[in-house]
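Below is one structure, written out as structure tokens; comments come after it.
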Amino acid sequence: MEVGRLPISAALKGKLVSAGYTSLSLLSSLSPSHLARDLNISENEALDILKHAPHDGRIDTSGGHHIISGAQTAWDMLHEEELLTRITTSSVDIDNILGGGISCREVTEIGGVPGIGKTQLGIQLAVNVQLPVHCGGLGGKAIYIDTEGSFMVERVLQIAEACWDDMLANNAISQNVHAGQVGMQPKDFLENILYFRVCSYTEQIALINYLDKFISEHRDVKIVVVDSITFHFRQDFEDMALRTRLLSGMALKLMKLAKKFCLAVVLLNQVTTKYAEGSFQLTLALGDSWSHACTNRIILYWNGNERYAYIDKSPSLRSASAPYAVTARGIRNNVSNCKRIKLM
Amino acid sequence: MASLKRLETEFPILDPDFQSFCALRGIFTVQDFLIRDLQSLVADAEQQPSSERFMQAINQVLYVIDGLHQPWLNGVDLMEDAQKNKHVLSTGCEGMDFLLRGGLRRGQVTELAGPSSSGKTQFCLLTASTVAYKHMGGVIYIDTGNSFSAKRIARFLNQISCPASEEMQPRVLQEVMNSILCHSVYDIFSMFDVLHCLESKLKYQMCRGDNDERLIIIDSISSLITPILGSSGSQGRALMVSAMSLLKKLAHEYNLAVLVTNHTVGGDGGIPKPALGESWKTLPHVRLLLSRDCGSNTYQVSLLKHPSIASGKAAKFIIND
């Protein structure tokens with residue numbers, strides 16, 4: 001029955017059906033007081049129900065193109081995609097395999113073993129997003145959601161200073177200095193990172209629900225980094241079905257945020273082992289259902305003594321890997337002396 | 001299925017006397033009329049003082065009910081409909097077309113399940129490009145994971161139309177790409193809204209005779225259903241079944257092919273099986289399981305369920321960059 005498709009509680013649905021309102025067309029020309037009397041509910045509840053009754057004026061028939069409200073043709077989206085700028089990761093090799101950097105309107109998941117540099121990459125992106133567009137950023141603020149407590153402010157300052165030095169050096173070389181452009185000090189980078197600390201999964205879900213309203217009020221936020229998305233869901237969860245439902249609901253909300261406000265969402269994830277094809281393999285945490293929650297996925301791994309980034313999932317990029325290094329100045333291209341230190 | 005009270009405005013013969021006569025026997029709506037014993041109601045009516053009016057009223061309600069069901073079709077009508085309207089749409093992928101004996105059939109709902117990064121979105125984009133170009137038809141792409149890539153569609157179209165790696169003419173490219181509409185939905189109720197609008201639009205186009213929509217793709221329907229499935233109460237499952245019945249109705253009445261994607265979960269022995277549970281298995285007409293050879297462009301697809309082809313067959317195909 002069509003009334004079953006309304007987003008109202010099961011009890012209200014039962015009342016509607018037993019009063020004889022089994023299809024949406026019966027609701028369309030009804031007054032709230034009439035409905036409230038029929039169902040024995042308050043008038044506010046009746047108003048809520050009638051809000052969802054179909055309105056017939058939703059089809060836009062102008063211009064011979066019967067476009068349903070909210071749709072876009074592929075041709076328009078092609079032009080929009082060409083205009084989208086990306087956020088550089090400060091490593092030219094990684095930017096190359098990503099087609100320029102982390103893209104907006106998409107959810108990117110980055111996973112890897114501990115110590116590979118996930119938090120470093122998250123911090124680098126939170127700093128880089130604040131750069132002006134001609135330097136590879138978006139001129140916006142960053143939201144950093146920390147679930148593990150691995151955000152080190154001193155490190156952020158260090159990376160911001162290195163970034164600022166690079167920007168100065170580039171400007172001096174290319175003679176592109178606009179008057180007063182170099183007004184951004186390293187401390188300003190810190191001011192534009194909005195930091196949230198969550199300590200349980202309920203806080204995490206509440207925060208992600210709240211982000212919609214928060215970002216409507218802070219429209220210059222251009223990236224949301226969650227480090228890490230999986231931490232609070234891995235331990236002590238008795239009801240796995242509930243976990244799956246919560247995670248998939250959270251994934252949809254993040255997708256909606258990315259699309260609605262045209263920002264990039266970066267999720268950092270941990271790894272676990274999986275038994276497949278007769279051996280134990282490393283795979284990202286939270287299982288198969290979560291692995292569908294992102295648009296792109298980048299896996300960071302060790303190859304010998306060097307760090308590599310590999311594109312595991314993308315709708316439009318080829319699978320490729322690129323080396324990178326974690327230096328005192330942040331994420332950079334790999335040069336031969338930035339390798340893993342072997343503990344003797 | 002209205003209450004008798006509401007029908008009174010349209011049919012004055014169902015006056016308050018008749019309504020109280022029915023109310024005494026527990027009949028308030030047309031639905032109750034169908035459930036209760038008609039014979040005993042007629043016998044009771046004949047014993048009432050105004051039996052003629054009551055008989056007329058009963059006949060009126062039965063007439064209303066008769067007008068509500070779909071017309072009967074016999075085998076010849078169905079065969080004609082199948083030959084005239086329910087053609088196959090090529091997917092642009094030779095291996096898949098071979099497996100499905102031509103491609104996606106209009107009027108049927110096809111499910112494509114596979115683990116993460118196994119090529120489901122790539123296949124959906126390829127099918128959308130092929131249908132838009134070869135069959136000159138409209139494609140409705142409902143995207144739940146921001147994975148619709150117009151750049152990729154343009155690349156596929158260039159491959160299909162000019163294999164000699166020339167560029168397609170911009171005007172032709174624009175016309176073809178304008179027939180692919182993309183909606184982003186992030187919960188199942190928005191999807192219902194989109195499908196309802198689509199239904200009205202298709203009804204309107206059908207009257208005018210210029211219906212050119214061919215394909216609906218939902219990538220992926222499992223991300224809309226998983227947040228509501230399994231909680232206490234069967235609301236989630238009811239919504240899932242309701243969504244599929246709406247899709248099947250659209251497919252059959254307006255001659256569309258429907259392609260939905262699903263993810264996989266771990267099954268017995270670590271072999272991935274399609275998600276969404278046992279009740280989902282009966283809903284799509286055709287079910288396919290996709291997998292990708294590690295790190296390459298070769299894909300394997302096997303047929304889990306089909307109305308007219310034996311299941312268990314498999315095929316390989318390559319999707320080029």
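Counting Lys and Arg as +1 and Asp and Glu as -1, what is the net charge of the other residues whose Cβ lies under 13 Å from the Cβ of B:Val64?
-2
Specify the inter-centroid distance of the stretch A:188-217 and the stretch B:253-312, based on alpha-carbon positions, in whole Å.
So the separation of the two Cα centres works out to 38 Å.
Per residue, how much accessible area does the protein assembly as shown show when a 1.4 Å probe rolls over the protein heavy atoms, in square angstrom?
On a per-residue basis, 47 Å².
I'd like the projected area of the stretch A:78-333, averaged over all directions, using the convex hull of its alpha carbons. Report it in nm² with one decimal.
Computed as one quarter of the Cα hull surface, the answer is 14.9 nm².
Among A:Lys259/B:Lys86; A:Lys222/B:Lys134; A:Lys213/B:Lys249; A:Lys253/B:Lys313; A:Lys274/B:Lys281; A:Lys256/B:Lys120, which pairs are too far apart, with a Cα-Cα distance over 28 Å?
A:Lys259/B:Lys86; A:Lys222/B:Lys134; A:Lys213/B:Lys249; A:Lys253/B:Lys313
Pull up all non-local amide H partners of A:Leu138: gap of 5 or more, or a different chain, and H-to-H distance under 5 Å with H placed in the peptide plane.
A:Gln130, A:Leu131
Ranked by accessible surface with a 1.4 Å probe, highest first, in what order do B:Cys162, A:Cys199 come?
Largest to smallest exposure gives the sequence A:Cys199, B:Cys162.
Just add up the charged neighbours of A:Asp227: K/R +1, D/E -1, any other residue whose Cβ is under 11 Å from the Cβ of A:Asp227.
0
Which whole-angstrom value gives the distance between the alpha carbon centres of the stretch A:77-156 and the stretch B:74-103?
Going from one Cα centre to the other spans 47 Å.
Rounded to the nearest 100 Å², what is the sum over both chains of accessible area buried where A meets B, with a probe of 1.4 Å?
Protein heavy atoms only, the A-B interface buries about 4900 Å².
So how exposed is A:Asp212, as accessible area in Å² (1.4 Å probe, rounded to 10)?
A:Asp212 has an accessible surface of roughly 50 Å² with all protein chains in place.
Only helical DSSP H runs with n ≥ 4 go in: add -39500 (n - 2.57) per run for chain B, normalise by residue count and round the 222 nm mean residue ellipticity to 500 deg cm²/dmol.
After summing the helix terms and dividing by residue count, I get -14000 deg cm²/dmol.
On a 0 to 90° scale, report how tilted helix B:188-208 is relative to the longest principal axis of chain B, with both axes built from alpha carbons and the result rounded to the nearest 10.
Result, in degrees: 80.
Return the carbon/sulfur percentage of the accessible area of chain B, one whole number, probe 1.4 Å, all protein chains in place.
53 percent
Go through the stretch B:311-318 residue by residue and turn each phi into a ³J(HN,Hα) via Karplus (6.51, -1.76, 1.60, θ = phi - 60°); whole Hz please, and just put x for glycine and proline.
Values per residue, Gly and Pro as x: 7, x, 6, 9, 8, 10, 8, 10 Hz.
What's the average, rounded to a whole number, of partner chain beta-carbon atoms within 10 Å of each residue's beta-carbon in B:294-304?
Mean shielding by partner chains, rounded to a whole number: 1.
Expressed as an acute angle from 0 to 90° and rounded to the nearest 10, what is the orientation of the C-alpha long axis of helix B:75-85 relative to the principal long axis of chain B?
Computed tilt is about 40 degrees.
Any idea what the relative contact order of the stretch A:78-333 is, in percent, if you count C-alpha pairs under 8 Å spaced at least 6 apart?
30 percent
Which angle from 0 to 90°, rounded to the nearest 10, does the C-alpha axis of helix B:51-66 make with the longest principal axis of chain B?
0 degrees
Treat every Asp and Glu Cβ in chain B as -1 and every Lys and Arg Cβ as +1, leave all other atoms uncharged, and give the resulting dipole magnitude about the Cα centre to the nearest 20 debye.
1120 debye
Just tell me how shielded B:216-222 is by partners: mean number of partner chain Cβ atoms within 10 Å of each residue's Cβ, no decimals.
Mean partner-chain Cβ count within 10 Å for B:216-222: 1.
Please give the average number of partner chain Cβ atoms lying within 10 Å of the Cβ of each residue in B:135-148, rounded to a whole number.
Partner Cβ neighbours, averaged per residue: 4.
Taking the Cα centre as origin and putting +1 on Lys and Arg beta-carbons and -1 on Asp and Glu beta-carbons, what dipole magnitude results for the stretch A:78-333, to the nearest 20 debye?
For this selection, approximately 300 debye.
Could you pull the accessible area for A:Tyr210 with a 1.4 Å probe, rounded to 10 Å²?
Approximately 100 Å² of A:Tyr210 is accessible to the 1.4 Å probe.
Determine, for each peptide in B:76-88, B:277-289, the mean count of other beta carbons within 10 angstrom over its residues, then list the peptides with the highest first.
Listed from highest to lowest mean packing, they are B:277-289, B:76-88.
The values are calculated or read from the model by the stated rules, or taken from the named source; none is laboratory data. Owing to the predicted nature of the structure, the values given are computational and were not obtained by experimental measurement. Cβ: placed from backbone, ideal geometry, glycine included. Neighbour counts: every protein chain shown. These area figures cover heavy atoms from the full protein model, side chains too; ligands, DNA and RNA do not enter into them. Shrake-Rupley method; radii C 1.70, N 1.55, O 1.52, S 1.80 Å.
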